[in-house]
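Quick note: the coordinates plus some simple rules give every number you see, no bench work behind them. Predicted, not measured: the structure shown is a model, and the values here were computed from it. Counting neighbours? That spans all protein chains shown, and the Cβs are built from the backbone with ideal geometry, glycine included.
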Amino acid sequence: MSLPEADSTPAVLIVLAMAAVLGYTVALVVDRTARRAGRRSAAAADLAQRGRRPAHLTLVILALLVALNAMPEQNWTGAIVRLLGLAFIGGVSWLVAVLTFLLEDLALARYRMDVADNRHARRVRTQVILLRRITVVVITVIAVASMLMTFPSVRIAGASIVASAGIVGIFAGLAAQTSLANVFAGLQLAFTDAIRVDDVVVVEKEWGRIEEITLTYVVVHIWDDRRMILPSTYFTTVPFQNWTRREAAVLGVVELDLDWSVPVEEMRAEMHRILD
């Protein structure tokens, strides 16, 4: 008669706890190293600050995955490995997003907005902001797709999904043609330099500045502190005025309704004093 196998669950839990402690310790060492590097580099300090949480999460999960895969499989370890794998994909995606945002911020830091002629800086800022939004969408889609592909049933269904993607794409394109048009118009605005963030424009007989440009809409800050939200296709299909297309300075007209008895020469002298 064979004896029943001993339950090794307590040993597995002890090993997992040790692996979690080891992973967290490695994360602390990496964090301290990054902080020391940050004393000599502002970029390294920013990376250490932003990447601390995703790095801790990813390293701890990686240690747990290595420990689970190195031990004999238990009845309950399969589900834990699956959950840890999903969390690991999320942590890596988080780290990639942090690194991408850091690179984009470094690119923005090279171009100052508080200068007399900031046209090039505004153009770069507009493009980087849109690229950041695109980056978030791409990273999210890749992360979700990677998570789904860890399930065998999804991998098996992948062939049929790809086969029917053409038909689905046609119907989706017809149903969402307005939204897609706005997305392509947003990309066109960013890379054709038609408008930039902080440009002075006149739209719908309203004077204001471009406050935000997204993939689907543009926010115009009106002079009286209102916000006009227009679809991106508006700026590719409707004529509008851009007063800062060629230079940052704005030329305007000031009209004063005065009485005939106003001393014009004294008023002109006061104007010159204020201008000086």
Diffing region 56-69: the Karplus 3J(HN,Hα) column from phi (6.51, -1.76, 1.60, θ = phi - 60°), in whole Hz with x for Gly and Pro, holds 4, 4, 5, 5, 5, 5, 4, 4, 5, 5, 4, 5, 5, 6
The answer for Thr244, listing residues at least 5 apart or on another chain whose modeled amide H is closer than 5 Å to its amide H, is Val200
Taking 0.36 nm per residue of separation between Trp207 and Val21 and subtracting their Cα-Cα distance, the length gained on full extension comes to 61.0 nm
Per the C-alpha gyration tensor (a ≥ b ≥ c, the square roots of its eigenvalues), region 9-110 is rounded if a/c is under 1.5, else prolate if a/b beats b/c, else oblate; here it's oblate
Residues meeting the amide H criterion for Val203 (H placed from the backbone, H to H distance under 5 Å, 5 or more places apart or on another chain) are Gly208
Expressed in nanometres to one decimal, the distance between label points 7 Å along Cα→Cβ at Ala145 and Phe191 is 1.9
Taking 0.36 nm per residue of separation between Arg40 and Trp76 and subtracting their Cα-Cα distance, the length gained on full extension comes to 8.2 nm
The local net charge around Ile139, scoring Lys/Arg +1 and Asp/Glu -1 for residues other than Ile139 whose Cβ lies under 15 Å from its Cβ, equals +2
Candidate cut points under chymotrypsin sites (Phe, Trp or Tyr not before Pro) in region 192-276, DSSP loop plus at most 15 other Cβ atoms within 10 Å of their own Cβ, are Trp223, Phe240, Trp260
Between Val138 and Ala249, the FRET efficiency computed from the C-beta separation at R0 = 41 Å comes out, to the nearest 0.05, as 0.60
Placing each pseudo-label 7 Å from Cα in the direction of the beta carbon, Phe240 and Val96 end up separated by a distance in nanometres of 3.4
Filtering trypsin sites (Lys or Arg not before Pro) in region 11-88 by DSSP loop and by at most 10 other Cβ atoms within 10 Å leaves Arg39, Arg40
Long-range amide H partners of Val218, meaning residues 5 or more apart or on another chain whose placed amide H is closer than 5 Å, are Leu230, Ser232
Hydrodynamic calc, region 222-264: Kirkwood Rh from Cα pairs, then Stokes-Einstein at 10 °C with viscosity 1.306 mPa s, so D in µm² s⁻¹ is 108
